[in-house]
Amino acid sequence: MAKNDVKLLGSWPSPFVMRPQIALNIKSVNYEFLEETIGSKSQLLLQSNPVHKKIPVLIHADKPISESIIIVEYIDEVWTSGPSILASDPYDRAIERFWVAYIDEKLLSAMKGLRDSQREEERKVLLGQAAEGFVLLEEAFRKCSKGKAFFGGDQIGLIDIALGCYLGWWKLIEKRRGVKLLDEAKTPGLVKWAERFCADDAVKGVMPETEKLVEYFLQAMVSGAPPKK
């Protein structure tokens, strides 16, 4: 398929944009990345996602698809020649979607608060919540991976993409707060999983460098624009 048939509207710091990027890389799909300017919304974005007016948006054959996980599932269904991202078994797919919802609804909230909170007591509570979440995900990894490299087994799957896209921002939080989010004593499986995920060919070209994220975050704080996480 021609590169100009597939476009992705996004911004490099966004973990949500990274999700379809990884999926497209897994499927070896050529695409055009259209960088959105931080703090503004292009006319193409407003036309393509008039409801939420947010990135990412995938445009395939002039048809826009919004919401990062919906886009990933669409990519998996359309480009069937590459490795499957979602599990083939209906029960396994349901479990994947459960953990994706948990990551975005529960864990992300604690991580955002930990990043932005100015009160030490609040940060301690949030760090405890995040630690509990990682312990739950450690057990989920054990069950879903069945002793293999990723939540998806031998290949990166839906949970891997949903969770792994935040790794760059977690490193920023660790640097900013002087904490360790993934503890080798409590979550050894996740620690090794994170290393494998970041080293994967589908990921390493789109995972932002920690120093670049720190610079972006500080600029966003000064300008008053909310960080894209």
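Annotations for the structure displayed:
- Set L44, L108, L158, L114: member being within 18 Å of the chain's Cα centre (by Cα), at pLDDT 95 or above and of a type in the set (A, V, I, L, M, F, W, C): L158
- Residue, nearest to L167 (Cα to Cα), within region 109-130, restricted to residues that are aliphatic (A, V, I, L, M) and buried (at least 18 other Cβ atoms within 10 Å of the Cβ): M111
- Complete set of residues in region 144-163 that are touching a strand residue (DSSP E or B) at 6+ places or on another chain (Cβ under 9 Å) and either free of Cβ contacts under 8 Å to residues at least 40 places away in the same chain or open to solvent by less than 10 Å² (accessible area, probe 1.4 Å) (or both): S145, K146, I156, G157, I159, D160
- Identification of helices (runs of 4 or more DSSP H) wholly contained in region 34-108 with 3 or more residues that are out of contact with any Ser or Thr (no Cβ under 6 Å at 6 or more places or on another chain) and closer than 30 Å to V135 by Cα yields 68-78, 90-102.
- Exactly one residue out of K192, K180, K186 is surrounded by fewer than 21 Cβ atoms within 10 Å (Cβ to Cβ) and touching a residue at least 24 places away in the same chain (Cβ under 8 Å): that is K186.
- Region 18-46 - residue that is among the hydroxyl-bearing types (S, T, Y) and either within 21 Å of A220 (Cα to Cα) or without any contact (Cβ under 8 Å) to a residue 40 or more places away in the chain (or both) and, of those, surrounded by the most Cβ atoms within 10 Å (Cβ to Cβ): Y31
- Inspection of region 60-77 identifies no residue that is out of contact with any Asp or Glu (no Cβ under 8 Å at 6 or more places or on another chain), surrounded by 17 or more Cβ atoms within 10 Å (Cβ to Cβ) and of a type in the set (K, R).
- Test result for E138, over 16 Å from the mean Cα position of the chain (by Cα), open to solvent by 10 Å² or more (accessible area, probe 1.4 Å) and modelled with pLDDT under 95: no
The values are calculated or read from the model by the stated rules, or taken from the named source; none is laboratory data. Since we're looking at a predicted model, the values are computed, not measured. Backbone-built Cβ (ideal geometry, glycine too); neighbour counts: all protein chains shown. Ligands, DNA and RNA are stripped out before the accessible areas are found, and what is left, the full protein with its side chains, is counted by its heavy atoms. Shrake-Rupley method; radii C 1.70, N 1.55, O 1.52, S 1.80 Å.
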